[in-house]
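The values are calculated or read from the model by the stated rules, or taken from the named source; none is laboratory data. Just so we're clear, the structure is a prediction, and the values are computed from it rather than from any experiment. Glycine also receives a Cβ, built like all others from the backbone with ideal geometry; neighbour counts cover every protein chain displayed.
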Amino acid sequence: MNIRRRVIDILAIAFGAAMIATLVHIVAILIIPLYATHDAFARLSPLGPINATIALAQSGPRERLIPFGDPAVAGAFCRFDLRAGPLRVKGPANLASFASLSFHTRRGSIFYAITDKAATRGMLEALVVTEDQLRALAAKDDEDTPVQDLRIVSNAKEGFVLMRALSEEPSLYPSAENAVRALTCASEPIPN
Amino acid sequence: MDTLIKALIACVIGLVVGLWATALSLRNARGFDAATIGAWTVSEKAGTLEADPYTRAALEQSGEIPLALGEGLQFIARTDDTGAALSPSCAYLVGRTTPPARYWTLSLVDRLGFPVANAAARYGFRSSEIQRGADGGFIIAVSSSPHSGNWLPIGSKGRFALVLRLYDSPVSATAAAIDKDALPRIVRESCL
């Protein structure tokens, strides 16, 4: 009789523990991205102020800031905060090889990307705006002149823009790095 | 009183198991939407707004900056073609084709995704610099001892992984449908 009670007790504890374990696991997985203390944005933030272009060190054994970087690809980023107004992003794409701009929210989602194939006159250019800023811009648009800007709507106020440039050979890495260093990010006045 | 103790035991066990399961699932860093093709794993939704919670949490913890779909795709292999884990005491031949892309790079990283130091300071190959056979195919020798041709050194005794990146690839949107034969084979040659 006693043994039977013991077994029931242990089963009850095991069942309760399994329920709690499941709950803990689900909650943990869901809240980890909200804390975001290890993510790319948190790692990039101490490197410099908003809107400043900062080159990433070439991926190598001693460079341990961002994992899964490509040693063949130079990168530079700028952080943005759209509360200061729409963000004008310009990156030269005049090398023969691959170059791209990608737009990341503070939470690590990519909301847009363009490659050098979309470049006009050797330049990748975009205007990052919030929904409200887009509306304000559209209201001011002249109906007769077509909009020149590539306007990218961001749901997040904060994020970062990353420019990548591939070097075709090790000796060409410095020129790829020069290309990404020429990335510029500037806040424009909010249209009203 | 008795019930309270049992509930407490269940809570403690549940908490420990739940957190352990969470840590384990993040270390494997493989979300629901990751596809496995031969030895290679690819997550086309990594970094997008549609990424599943596991992919998001793993991305937050690793701090990597994923490629946008428009930029390219990243494949990771932690095993050879037979499914055996890549071992630093073995030599592998990797080749001969990749899915279509404007450029690709193939590099070797440690468990955390960083290049491994080696005397040759060779961390990967670019499609634009690799030595090819008469048919345009390539073979990369992955081994700790020097090898003629395209030699990718295994610099340490730790676990390692191979990373294949396709830049500007038409297969981006249909990564999961890539044929196994289109990706480089990873064949174990010999072991110490």
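Tabulated results
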| read-out | value |
| --- | --- |
| Odd one out for A:GLN133 among (1) in contact with a Ser or Thr (Cβ under 9 Å, 6 or more places away or on another chain); (2) more than 8 Å from chain B (Cβ to nearest Cβ); (3) at negative phi | (1) |
| Verdict on B:ASP181 being surrounded by 20 or more Cβ atoms within 10 Å (Cβ to Cβ) and of a type in the set (D, E, K, R) | no |
| Residues of region A:30-56 satisfying the condition of being away from every other protein chain (no Cβ under 12 Å) and either in a loop (DSSP other than H, G, I, E, B) or touching a His at 6+ places or on another chain (Cβ under 6 Å) (or both) | A:GLY48, A:PRO49, A:ILE50, A:ASN51, A:ALA52, A:THR53 |
| Number of positions in region B:44-95 that are of a type in the set (Gly, Ala, Ser) and in contact with a helix residue (DSSP H, G or I) (Cβ under 6 Å, 6 or more places away or on another chain) | 4 |
| Checking A:ALA136 against (1) in a helix (DSSP H, G or I); (2) within 30 Å of B:ARG122 (Cβ to Cβ); (3) not acidic (Asp, Glu), the condition it does not meet | (2) |
| Hits in region B:81-98 (condition: under 19 Å from B:GLY137 (Cα atoms) and assigned to a loop (DSSP other than H, G, I, E, B)) | B:ASP81, B:THR97, B:THR98 |
| Every residue from region A:139-165 that is more than 18 Å from A:THR53 (Cα to Cα), under 24 Å from the mean Cα position of the chain (by Cα), aliphatic (A, V, I, L, M) and not in a loop (DSSP other than H, G, I, E, B) | A:ILE152, A:VAL153 |
| Restricting region B:67-79 to residues that are in a loop (DSSP other than H, G, I, E, B) and either in contact with a Cys (Cβ under 8 Å, 6 or more places away or on another chain) or within 9 Å of another protein chain (Cβ to nearest Cβ) (or both), the residue that is nearest to B:VAL116 (Cα to Cα) | B:LEU67 |
| Residue within region A:118-125 that is modelled with pLDDT under 95 and either assigned to a helix (DSSP H, G or I) or over 30 Å from B:ARG126 (Cα atoms) (or both) present | yes |
| Test: A:PHE77 is aromatic (Phe, Trp, Tyr), over 30 Å from B:GLY155 (Cβ atoms), within 13 Å of another protein chain (Cβ to nearest Cβ) and in contact with a strand residue (DSSP E or B) (Cβ under 8 Å, 6 or more places away or on another chain) | no |
| Selection status of A:PRO61, surrounded by fewer than 20 Cβ atoms within 10 Å (Cβ to Cβ), at the interface with chain B (Cβ under 7 Å from one of its Cβ atoms) and touching a strand residue (DSSP E or B) at 6+ places or on another chain (Cβ under 7 Å) | yes |
| Unique residue being of a type in the set (Asp, Glu), more than 7 Å from chain A (Cβ to nearest Cβ) and either part of a loop (DSSP other than H, G, I, E, B) or touching a residue at least 12 places away in the same chain (Cβ under 8 Å) (or both) when the list is B:GLU50, B:GLU64 | B:GLU50 |
| A:PHE103 vs. criteria closer than 19 Å to B:THR48 by Cβ and either out of contact with any Lys or Arg (no Cβ under 8 Å at 6 or more places or on another chain) or modelled with pLDDT of 95 or more (or both) | yes |
| Sole residue being touching a helix residue (DSSP H, G or I) at 6+ places or on another chain (Cβ under 7 Å) and part of a loop (DSSP other than H, G, I, E, B), chosen from A:ARG79, A:ARG107 | A:ARG107 |
| Qualifying residue in region A:25-32 (condition: touching an Asp or Glu at 6+ places or on another chain (Cβ under 8 Å) and at pLDDT below 90) | yes |
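Here is a yes/no grid of residues against (1) touching a strand residue (DSSP E or B) at 6+ places or on another chain (Cβ under 6 Å); (2) of a type in the set (Gly, Ala, Ser):
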| position | (1), (2) |
| --- | --- |
| A:ALA136 | no, yes |
| A:ASP141 | no, no |
| A:VAL147 | no, no |
| A:ILE152 | yes, no |
| A:VAL161 | yes, no |
| A:GLU168 | no, no |
| A:ALA176 | yes, yes |
| A:LEU183 | yes, no |
| A:PRO189 | no, no |
